[in-house]
Structures are given as structure tokens and as C-alpha cells.
Protein chains: 2
Amino acid sequence: MPWAADAPVVLLAGGVGGARLAHGLHFHLGERLTVVVNSADDLERHGLAVWPDHDTVMYTLAGLDDRERGWGLRDETWNVMEQLQRLGQDAWFALGDRDIATHLVRTELLRDGTRPTEAARRLQAALGISARILPMTDDLVRTRVRTDDGWLDFQTYFVRLHQEPAVLEVAFEGAPAASATWEVTTAVRSAAAVLVAPSNPIVSVGPILAVPGIQEALAETRRRGTPVVAMSGIVGGRALRGPADRMLASLGHEASALGVARLYAPWVDVFVIDQVDAALAPQIEALGLRVVVTDTIMSDDAARARIAGEMLAAAGVAGS
Amino acid sequence: MPWAADAPVVLLAGGVGGARLAHGLHFHLGERLTVVVNSADDLERHGLAVWPDHDTVMYTLAGLDDRERGWGLRDETWNVMEQLQRLGQDAWFALGDRDIATHLVRTELLRDGTRPTEAARRLQAALGISARILPMTDDLVRTRVRTDDGWLDFQTYFVRLHQEPAVLEVAFEGAPAASATWEVTTAVRSAAAVLVAPSNPIVSVGPILAVPGIQEALAETRRRGTPVVAMSGIVGGRALRGPADRMLASLGHEASALGVARLYAPWVDVFVIDQVDAALAPQIEALGLRVVVTDTIMSDDAARARIAGEMLAAAGVAGS
């Protein structure tokens, strides 16, 4: 094997799906886990640097996530937001009180010139997380989507408009001029395995691949024998969460595990699909991918750990 | 009379004492009231622009102040602060959740290039306040105090060290290069009366006078017959609130209404003292000040309105 026994396992991840799989992987890997998160959904609200995907993964790994709501912190309160509304602010992006503490610390660090990656690591350390969560880049990359109403910021589409408009085109503003951090490229190059979370392939995984340096690092690590193992976030033709299915369709892709597999085939080795999609296996294998069929629904901690274990097994990595 | 019937009445004010008198004056004057607040106590905490004196006056005029605690908003909660502490932040300056909404809106306005005076007016408008509360300047002025431990930021002395060290010297950093806003100088020049709140004469009223342009405007308005009426914040030799008595003493002044009168005599016409200090009246009159003796303790709304009415009467201004 070309990697060390303690070589990192890298997970490319968006928000909720990424957080659940990261949580499962963390049971097996502890500090060996490195999560590279999409930062193209980040936004500034009320002057605060808000990083939805990073924070969802961070809160989940810290065991502080609200499982019922599916995002944000458990036992959250909303008093700042309520007062912002009284002050006439347009409070369409809900920020909880405890969550705002995270944004305050981060915003101050960034304004003081701290690199985003370093700011992220300090917050993770403050919450006692042993895994590493790395923004995909320290540069500003922002997803924009074209709809019948023209180009929109991602969060305007996603939160404010409840993902209702059809997405006709997607752009990652700033990506061509961005570069991957050495933390990300080093982790990918030295990884025992690279995993891809069941996140939205277009707007969660897509921006990570759009950062110059990341695809190159992935290609290099695959040449050296490190497998890339992805899981489908489309099950039975439906997204587990969010608008991935409609987005795939409106962008001309098939809204199925096969549609995702076609997007991933150039850079992925193993594709994990749900039992309900078992019939798609031959078509996916025909794309050159090895297929693993399992129950992919991460309903509880046990399921998260089991599915993470199966992904690691598919990648030939033994958990600790 | 040299002023219009709707000419503003200007109150020079610090925090709590200023807020109480402003509240009383507001009963009589409504939108005729212009409060010029000390901004040399302002600070940045957790990346937020925090303006303690301005906000105390603003919350009080909006009827949102917490009367028991004496500062901040009523029905306040502290969840952001609690989480900031969990994140390892040194949370010595308490910021309530609803209060943080104010700071967020202001910080964003300032970062977008809005003048402090304009940012202040927008927040006041959002809270439905008809009076005007003007920072003494749009420039950065910061009070620093010298103690046995060297020079300290004002809030480090005031909040963090609970005003315990003796103040040996006071400086208003930035004041020489600052200038009064046209809003402040215009209000003072066109005022029917200028009142001075029972605030700390050294570190609340002092910084306002230290801003170039304000003393000149006061002198001009007095030459045109507008009276300046001040109230003593030292009653029976004790500060009503805060460290003014100890500060006067350690700086070589008398810690009494007479000590304050000596500081104010060059630019004030009428001095309002409490009944308990009636015996000081002859000495204060000998300084060239007219003296009004009354009960100056603003214990409730009725007392605030009565005392404000007496100050207006002393200034020859009829309330609405």
C-alpha cells in the first residue's frame, strides 16, 4: 500500500449529508479524518462571516447539532434575530444566538487577517474536535445559479426562495482565480482514501472540484493507487435532502444515481448506491466504476457508523 | 428671545445619568430634544462597535431600558455571550443577545462607510425615537486613564477592573485631531438652551468639551444669550453612580457639587444642586454661577419629568 497506516482519510463534503457521513467516519477514524468542505455556499449576513457547510460539519462532529431541525445547534435560541427584525433588518437567513457566537469569533479572526483555514481550525479546537475540517480554499468562491429571474446568489436561491426556481445554469464565481490550500492538497496527496459524501454533486461537490489544484491532487493520488469512493445522494430518483434531483434534471442530467455516476465517472473509482437502486448497477459498472450496493440511509448513529465502515471497506481502509 | 419657539434644547450627556435626564426632558420636549452623547467610552468587542453611552440613552428614550440592572435592554438574554465563553473568548464586557442586534446593525453600517452620526440616527429611527441622539463626533476619540498599572482603556478600567484603581490622569486619545459634526455644532448654535446631565464631569462631559468645535459653539451660543444649565452628579459628596467622586479626588479636585461647579464655571450659567448640598450655594454663586436647589434624585418617571421641568424653567424654556 502506498500510504502510511495513519495516513488521512479525506472526505469531500457539503452540508448535512456530508456532516452525517463525517460523523460516521469519525467513529472509525478519529483524528485521521480530514473533511474538505464546500465554501462556495458561504455568505455574509449582518456583517458576519457565515459558513453553513463548515459549521454543519463542525457542530455535528462536536455532537452539538440539532438532529430534528437538521441544521444549526441544539437548544438554540433566536433572540438576536428577533431584535434584528425589530430593527428593520431583513432576517431571511436564520441565525441562532449560539450560532452567532461562532460567526462573531470567525468574523473577528478574518478581519484581523487570519487565514480562513486557520480560523476554521481554531473554532474546531475550541469545540474539542479531533478531526480536521478544511475549507476547500482560502479564497472567495461563490456559487451563483441562473434562474428565470436571472442570476442569484446561492443562498438567495436556497434559503430565501426555498429552492423553488428551476436552476438553468450554475457558476462558481471566483473559482478560476482561487487556489487550493496546501492543507487540502497535502491531505489529498497523502490520503489512504478519498471519499465523497452523498452531497449535491452540482453545488456541494462541484465547487470543490472547481478549485484549481484539487482535481490535480486527486488525479495524482489516484495514480499512486489511492481509491476515490463516492456515495450517491440520489436514492430512488430523489434527493435525500435539498434540490439535487430537480437541479440535475433542469441542468440536463438524469436525476438518478446513474446520473450522478456519469458526473463522477471521470474521477471516482467506487460508487456506493442504495439497495433501491440496485438495478442501476450494471449501467454504472459500464461507466468503469466499481459498485457497492447497501442501505445508505443514515437514520441514526449506528447507521452512520455502519455506512461509513462500508465506505472504508470499499476503499480498503481499516478503521481504528 | 434669540431663538425660535421650536429651537432645539441640547443635552450634553454620558450614560445612565444622561439617559434619565434625557428621558425626563423628552416628556416635555419630544422631538425638540437633541442629546449630544459622549462617544469616548465606545469600544470594539468581538468585532462589534459597542457604544455604551449612546445605547443607554437610546434604549431609555425607546422605553426599552432595564431599570433594575441600570443598563442594557429589558428582558435581555445572554446566550451569545455564554457560547462565546465556551469558544474560549474572554467575555468580560457583557453583551446581551438583543443588544448584540444593535451592535450588528451598527457595525455593518459603519463598515459600509456610513458616518457614525448617520448610523446612530438610523438605529434611533428603527426604535421609533423622536428625539435626536448625536455622537459628539464622527471621529475616533478614546478615553484612557492612567493608574498605578499604567495607561488603561476606559472600559478596561471601568468594567473589567470595576473602577477599582485610582485614576491619576485622564487623556482623550484622538480628540485633538477630531472635529465636531455639523449636526452637533448646528444644534448647539441654534439651541434655546444647553443642558448638562448629572454625568461624570471628567470622563463623560470632559470628552465632549475636548472635541474641537464644541466649546467654540457653546461660547457662541452663550454670547447670543442662550443659557447653559448643568446639574451636579455629585450629591452629598458622593457620585450618584460610578466613580466620579473618587476620580475627582484622585485628580486633585474636591469631590463635591462645589468641585464640579469649579470645573463648569468657565462655560456654564446655571448650576442645579441637590437639597442636601444647599449649604454650598453661596460658594458656587461666588464662582459666578446662578444656583438652583432642588431634589435631584431621579427615582421614577415622575421625578425625571419634574427635575427636567425645573432645568428647563431655569433655562427659561417652556415645555410643550
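The values are calculated or read from the model by the stated rules, or taken from the named source; none is laboratory data. What you are looking at is a predicted structure, and each value in this text was computed from that prediction instead of being measured. Reconstructed Cβ throughout: ideal geometry from the backbone, glycine too, with neighbour counts over all protein chains shown.
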Of (1) surrounded by 22 or more Cβ atoms within 10 Å (Cβ to Cβ); (2) more than 9 Å from every other protein chain (Cβ to nearest Cβ); (3) closer than 23 Å to B:Arg98 by Cα, A:Asp90 satisfies all except one. Which? (1)
Would it be correct to say that B:Leu127 is among the aliphatic types (A, V, I, L, M), within 11 Å of chain A (Cβ to nearest Cβ), over 27 Å from B:Ala7 (Cβ atoms) and out of contact with any strand residue (DSSP E or B) (no Cβ under 6 Å at 6 or more places or on another chain)? no
Answer yes or no: is there a residue in the range A:193-203 that is in contact (Cβ under 8 Å) with a residue 12 or more places away in the chain, among the hydroxyl-bearing types (Ser, Thr, Tyr), within 22 Å of A:Arg142 (Cα to Cα) and assigned to a helix (DSSP H, G or I). no
So, in the range B:234-259, how many residues would count as being at pLDDT below 95, in contact with a Leu (Cβ under 9 Å, 6 or more places away or on another chain) and not hydrophobic (A, V, I, L, M, F, W, C)? 0
All-but-one check, A:Asp65 against (1) in contact (Cβ under 8 Å) with a residue 40 or more places away in the chain; (2) within 17 Å of B:Gln83 (Cα to Cα); (3) within 14 Å of another protein chain (Cβ to nearest Cβ); (4) not β-branched (Val, Ile, Thr), failing number (3)
Considering each residue of the range A:276-320, count those that are touching a strand residue (DSSP E or B) at 6+ places or on another chain (Cβ under 8 Å) and either in a loop (DSSP other than H, G, I, E, B) or more than 24 Å from A:His26 (Cα to Cα) (or both), and give that number. 15
Would it be correct to say that B:Ala7 is assigned to a loop (DSSP other than H, G, I, E, B), within 14 Å of chain A (Cβ to nearest Cβ) and more than 24 Å from B:Pro207 (Cβ to Cβ)? no
Residue pairs qualifying under the 6 Å Cβ cut-off, at least six apart or on distinct chains, with the first in the range A:100-125 being under 22 Å from A:His26 (Cβ atoms) and the second being modelled with pLDDT of 95 or more and among the basic types (Lys, Arg), are A:Ala119/A:Arg106
Looking only at the range A:93-113, which residues are β-branched (Val, Ile, Thr) and surrounded by fewer than 24 Cβ atoms within 10 Å (Cβ to Cβ)? A:Val105, A:Thr107
Any residue at all in the range B:29-42 that is assigned to a loop (DSSP other than H, G, I, E, B), of a type in the set (Asp, Glu) and surrounded by 24 or more Cβ atoms within 10 Å (Cβ to Cβ)? yes
Looking only at strands (runs of 3 or more DSSP E) that fall completely inside the range B:75-162, which ones have 2 or more residues that are within 30 Å of B:Ala249 (Cβ to Cβ)? B:142-147, B:150-153
Among the numbered conditions (1) under 17 Å from B:Ile100 (Cα atoms); (2) away from every other protein chain (no Cβ under 14 Å); (3) part of a helix (DSSP H, G or I), tell me where B:Trp71 comes up short. (3)
Considering A:Ser204, A:Ser232, A:Ser179, which residue is in contact with a strand residue (DSSP E or B) (Cβ under 6 Å, 6 or more places away or on another chain) and among the polar types (S, T, N, Q)? A:Ser232
Could you say whether any residue in the range B:251-260 is without any contact (Cβ under 8 Å) to a residue 60 or more places away in the chain, surrounded by 17 or more Cβ atoms within 10 Å (Cβ to Cβ) and among the polar types (S, T, N, Q)? yes
In the range A:145-160, which residues are surrounded by fewer than 18 Cβ atoms within 10 Å (Cβ to Cβ) and either without any contact (Cβ under 8 Å) to a residue 12 or more places away in the chain or within 16 Å of A:Asp53 (Cβ to Cβ) (or both)? A:Gly150, A:Asp153, A:Val159
Looking for whichever is over 30 Å from B:Pro227 (Cβ atoms) and among the acidic types (Asp, Glu) here; the options are B:Asp97, B:Asp55, B:Asp41. Which one fits? B:Asp97
